[in-house]
Amino acid sequence: MQKLTAAQIRETFISFFIRHGHTHVPSSSLVVADDPTLLFANSGMVQFKDVFLGREQRPYTRAVTAQKCLRVSGKHNDLEEVGPSPRHHTFFEMLGNFSFGDYFKAEAIRLAWKLLTEEFQLPVERLWFTVFAGDDEVPPDDEAAELWIAQGADPSRVLRFGRKDNFWVMGDTGPCGPCSEITMYIGDDLSQMRAEGVNSDDPNYVEIWNNVFMQYDRATMQPLPRPSVDTGMGLERMAMVMQGVHSTYETDLFVAIINRIISARGSDEAHYQAHRSAYRAIADHARAIAFLIADGVLPGNLGRAYVLRRILRRAAYQGRTIGFERPFLAEVITSVIEQMGDAYPELVKRREFILSAADQEERQFLRTLSGGITRLNAVIEQVRSRGETVIPGNDAFVLKDTYGFPLDLTQKIAAEQGLAVDEAGYEAAMAEQRARSRAAATTKRGGEADLWVELDLPNTHFTGYERLSDRATVIGMLADGDALNTASAGRHVQIVLNTTPFYAESGGQVGDTGLLVGPDGSVRVEDTRRPLPGLIVHYGRVVDGTISVGDQVQATVDLVRRADIQRNHTATHMLQRALRDVLGEHAAQAGSLVAPDRLRFDFTHTKPVDPEELREVERRLNAWVRADATVRWEITGYQDAMARGAIALFGEKYGDTVRVVTIERGNGLDNGEYASRDSLELCGGTHVNRTGEIGFVRLVSEGSIGSGIRRVEALTGRGAEAWVEEQAQALRDLAARINAQPSQLAERIEALLAENRQRRQELEALRSKMAREQLATLLNRVQTVAGVPLLAAEVEADSVERLREMGEYLRDKLGSAVIVLGAQINGKPQLLAMVTADLVRRGLNAVQLVKPLAAIVGGGGGGKPEVAQAGGRNPDQLAAAINAAAGVLAEQAG
């Protein structure tokens, strides 16, 4: 077997398939385009998904790639395993060859055998091959088995497995089929090689390649007319095999990076071996950070940006645990770029940007890391002193808000101490902070109003009812709380004009956006407000040149956005009239929002609006729209308007003269009534000229926002059309996923739900039966320690709640006893100690019993004298902890 570097393995793989007629397709970005189901590319076939689904045609039918992949979310989330595991990674490379309706099993297996045995010269006697064993739906893949044997595989090393290991599906629809995996035995003693090791947790058996044969249509399970091939070989694992090591972190892909960490830390091999998990996590995370930033992701608080922030901050924390007191990640990432730059030139091209972005984020986090760790340690001690096992959510929030600790980092550190975090409490604290932020923003605007009072500017003349573009003069300007005469490109400014067509936020209608163009520059207006009565302020940014007080500017409103707003505002008035007609005149406005993308209307009503009532409201609105009724407005006296039945917003202060907007009933088309009377409201907002301009109204939600206050949200025009199309597409997609026509959805879903309920009931009954059978045998294993009955045993439980139920069952059966149960739940050891009341009165204590046992499994715990729980990190020590229970009890009872 050749000993190749990772670069040589990558090059050998690609060159081999190029020689066999494949087109080399460069890796796609980690950021997946046009696929909302994925945050990142997590396999080689992602960039070919539409090709396999028949949605896209490529100029080739054979392809070979080395694909950048990241697995940090969803079902493919390896983040928690990185470091402790010798082979898990966030970022990795997937080598793959693909056939799009070209060759199939025979050629795929022939090429795979030739590459493995001739190019890589892997020892055939160490190779194992797995194929699909078949089931009631799909026959066994005897063809693949025979093909491997024909190539030279020992028939005894061609194994058959079920769907879990050897059948691949893309989703509920699309291509699917059996797969064939190649596993290599890397143990030192070939005589110890056994079939049982394949697809097990034995580290001596390494899956190096998976060949997927897409030959069925998932919806019908009928053969595809043009079957395809998708293969994936993890470069890191293949390098481990080719270089004769037992961990991917011992390959040349990581050795140089780890050595750079050792050098930067000023440590040595002994320190590395003592803290391998942290070193390895840093090395892995450095690769992920480099590639994410190279592909345009920057640290932030949402989506992909937050994933990067979590990874980077976890790496920084791991650095602190091994002794780093300064920023170090840029230095480590430099090694990644040196290591991977030839294969991925984008790393070299964006080198300075990658290093700068990573260093900036790390420094920002390090400024608060020490204080955060100190605070978290104090919280942990407080929790333990109370005999609890959960860190309060508010404490976790303070760690994020004050020290920049992502929630999952707090959870990681807490888990290392055998504790959990109250996520619900954390979310509640986050919600309170958002409310405080909104209040602070309101206060800030109030302070800004004082500045405008000091400038003593004349009122702005608003022309936006008549025109959407107008000539005006700049008469005042602020920036960063200071008055100024001139602002240059890039500066955020607040500008007052003597005249403006821009509507200022008022009466629920959002402010206009648009452009101010002067003789020497222009300003992009991002919002318009009225901080003082009569004064309209344009908030924006100078996009080019300069803008100065005294400049003559052309002020132009965003026409499309204004039209959307006007449709929503007129529809809001119509909605109030329709609600009053359907529900009663008590349905009075209690608040509203009129934005370009939606409208929101709050009204007084003491109970939920019946769905049929909502449908009637919507029917009336759309009939009114189709009537194309006239919308007009006028200025009149307040008393006169009220005498004519105009609606005024309760609690609003009006002057002697008011603007009244009237929406006429129309001529009664549609053979049905849609308004009992004209809509008359006092309103300063902007509106359409005729109801027909609204196009269409769709009510999308209704609910309570407080005692006696309901809220309706609606869409109009373009927004309503887009919503309807989204809903229709969702129905089509859902129907396709469950192999039904849209008209059959309700019936089909009900059948699936009924089937699921039955399965859940059967499963729960089976679990209860198994638990009772298991516990019945345990009752015979009670021993007496220092005169105290003790039952200590490891059991099978799928949750902490189930473990506690088992303990309570045994306690009730035994009457007087100490019970210690242990179970592996989600891969983590969990311990439960119970002491019956009579023994508690004799001085025995479940907390004092469980704590030393928790230490054995690498964790901690707490509870009450009668019952205590603990968790840990080392499941392999669970049996030892159970066995130690008798000794701990003897000490306590003695």
* Which percent of the Cα-Cα distances in the range 696-810 go past 24 Å? -> 64
* What ranking do 289-301, 586-598, 157-169 get when scored by the average of other Cβ atoms within 10 Å per residue, highest first? -> 289-301, 586-598, 157-169
* Looking at the chain, what % of its DSSP beta bridges pair antiparallel, to the nearest 5? -> 90
* What fraction, in whole percent, of alpha-carbon pairs in the range 46-190 exceed 22 Å separation? -> 53
* If R0 is 41 Å, what FRET efficiency do you get for GLU196 and GLU801 from their C-beta distance, rounded to 0.05? -> 0.75
* Asked: Taking the Cα-to-Cβ direction at VAL169 and at GLU416 and moving 7 Å from each Cα, how far apart do the two end points lie in nm?
  -> 4.0
* Rounded, prolate or oblate: pick one for the range 300-459, where a ≥ b ≥ c are the square roots of the eigenvalues of its C-alpha gyration tensor, a/c under 1.5 means rounded, and failing that, prolate if a/b is larger than b/c, else oblate. => oblate
* HN-Hα J couplings of the range 733-749 from phi, Karplus 6.51/-1.76/1.60, θ = phi - 60°, integer Hz, Gly and Pro as x? -> 5, 4, 4, 5, 5, 10, 6, 9, 7, x, 5, 9, 4, 4, 5, 5, 5
* Asked: Residue farthest toward the positive end of the dipole of the chain, with Cβ of Lys/Arg at +1 and Asp/Glu at -1: which of VAL31, TRP723, SER335?
  -> SER335
* Taking 0.36 nm per intervening residue step and subtracting the Cα-Cα distance, what contour gain separates ASP188 from GLU352 on full extension? -> 54.6 nm
* To do: Divide by every residue of the chain the summed helix terms, -39500 (n - 2.57) for each DSSP H run of at least 4, and state the resulting mean residue ellipticity at 222 nm, rounded to the nearest 500 deg cm²/dmol.
  => -13000 deg cm²/dmol
* Structure fact -> Computed over the chain: longest principal axis from alpha-carbon atoms vs helix 878-893 long axis, angle to nearest 10 degrees, is 90
* When the accessible area of the chain is split by element with a 1.4 Å probe, what percent falls to carbon and sulfur? -> 48
* **Check: the range 204-319 dipole with +1 on Lys, Arg Cβ and -1 on Asp, Glu Cβ, in debye** => 520
* **Residues of the range 853-877 with amide N under 18 Å of the 7 Å Cα→Cβ point at GLN774** => 869-872, 875-877
* Using only the alpha carbon atoms of the range 184-271, find the Kirkwood hydrodynamic radius as the inverse mean reciprocal pair distance, in angstroms to one decimal. => 16.4
* Three principal axis extents, largest first, for the C-alpha atoms of the range 357-399, in Å? -> 42, 16, 12
* Farthest toward positive dipole pole in the range 244-397 [+1 Lys/Arg, -1 Asp/Glu at C-beta], among ILE257, ILE311, LEU369 -> LEU369
* What's the FRET efficiency of VAL549 with LEU766 using the Cβ-Cβ distance as r and R₀ = 60 Å, to the nearest 0.05? -> 0.15
* Quickly work out the GLN121-to-ASP597 label distance, labels modelled 7 Å from Cα along the C-beta direction, and quote it in nm with one decimal. => 6.1
* Structure fact -> The local net charge around ASN259, scoring Lys/Arg +1 and Asp/Glu -1 for residues other than ASN259 whose Cβ lies under 13 Å from its Cβ, equals -3
* Under the Karplus curve 6.51 cos²θ - 1.76 cosθ + 1.60, θ = phi - 60°, whole-Hz ³J(HN,Hα) for the range 114-129, x wherever Gly or Pro sits -> 5, 5, 5, 8, 9, 6, 8, 6, 6, x, 4, 5, 9, 8, 10, 10
* Structure fact -> One point scatterer per Cα, no solvent, Debye formula: log10 I(q)/I(0) for the range 460-542 at q = 0.16, 0.17, 0.20 Å⁻¹ comes out as -0.54, -0.62, -0.87
* To do: Write down the radius of gyration of the range 790-880 and its Dmax, each obtained from C-alpha positions, in Å.
  => 12.0, 36
* To do: Just report the Cα centroid separation between the range 787-806 and the range 460-482, whole Å.
  => 74
* Simple spin-label model, 7 Å along Cα-to-Cβ: ASP456 to TYR638 in nm? -> 2.9
* Structure fact -> Note to self: C-alpha centroids of the range 608-640 and the range 715-779 sit apart, in Å, by 39
* Structure fact -> Counting only backbone N atoms under 14 Å from a point 7 Å out along Cα-to-Cβ of ASP520, the residues of the range 551-579 in range are 551-553
* Expressed in nm to one decimal, what extension gain is obtained for the pair GLU325 and HIS586 from 0.36 nm per residue of sequence separation less their Cα-Cα distance? -> 87.4 nm
* Please state, rounded to one decimal and in Å, the Kirkwood hydrodynamic radius that the chain gives when every pair of distinct Cα atoms enters the mean of 1/r. => 33.5
* Asked: If the cut-off is 17 Å between C-alpha atoms, which aspartates and glutamates fall inside it for LYS3, apart from same-chain ones fewer than 8 positions away?
  -> GLU11, GLU118, GLU119, ASP188, GLU236, GLU250, ASP252
* Distance from the Cα centre of the range 517-593 to that of the range 378-437, in angstrom? -> 42
* Asked: So if R0 is 22 Å, what FRET efficiency would ALA256 and GLU11 give, r being the distance between their Cβ atoms, rounded to the nearest 0.05?
  -> 0.75
* **Peptides 331-338, 92-99, 371-378 ordered by average Cβ neighbours within 10 Å, highest first** => 92-99, 331-338, 371-378
* To do: Mind pulling the angle between the C-alpha long axis of helix 276-294 and the longest principal axis of the chain? Nearest 10 degrees, somewhere in 0 to 90.
  => 40
* Karplus-derived HN-Hα couplings along the range 594-599 (A = 6.51, B = -1.76, C = 1.60, θ = phi - 60°), whole Hz, x at Gly and Pro -> 10, 10, x, 9, 6, 10
* Asked: If you take the alpha carbon radius of gyration of the range 549-697 and divide it by 2.2 N^0.38 Å, what ratio comes out, to two decimals?
  -> 1.11
* Structure fact -> Counting only backbone N atoms under 17 Å from a point 7 Å out along Cα-to-Cβ of ALA786, the residues of the range 850-865 in range are 850-854, 865
* Which translational diffusion coefficient, to the nearest whole µm²/s, is obtained for the range 162-204 from the Stokes-Einstein equation, given a Kirkwood hydrodynamic radius over C-alpha pairs, 4 °C and 1.567 mPa s? -> 103
* To do: Provide the gained length on full extension for the span SER263 to ARG659, in nm with one decimal, where the gain is 0.36 nm per separating residue minus the Cα-Cα distance.
  => 135.1 nm
* **Cα-centred dipole magnitude for the chain, charges only on beta-carbon of K, R (+1) and D, E (-1), debye, nearest 20** => 1000
* **Peptides 460-467, 534-541 ordered by average Cβ neighbours within 10 Å, highest first** => 534-541, 460-467
* Simple Cβ-charge dipole of the range 276-411, Lys/Arg +1 and Asp/Glu -1, about Cα centre, in debye nearest 20 -> 220
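The values are calculated or read from the model by the stated rules, or taken from the named source; none is laboratory data. Just so we're clear, the structure is a prediction, and the values are computed from it rather than from any experiment. Every residue, glycine as well, gets a Cβ built from its backbone with ideal geometry; the counts of neighbours run over all protein chains shown. Ligands, DNA and RNA are stripped out before the accessible areas are found, and what is left, the full protein with its side chains, is counted by its heavy atoms. Shrake-Rupley method; radii C 1.70, N 1.55, O 1.52, S 1.80 Å.
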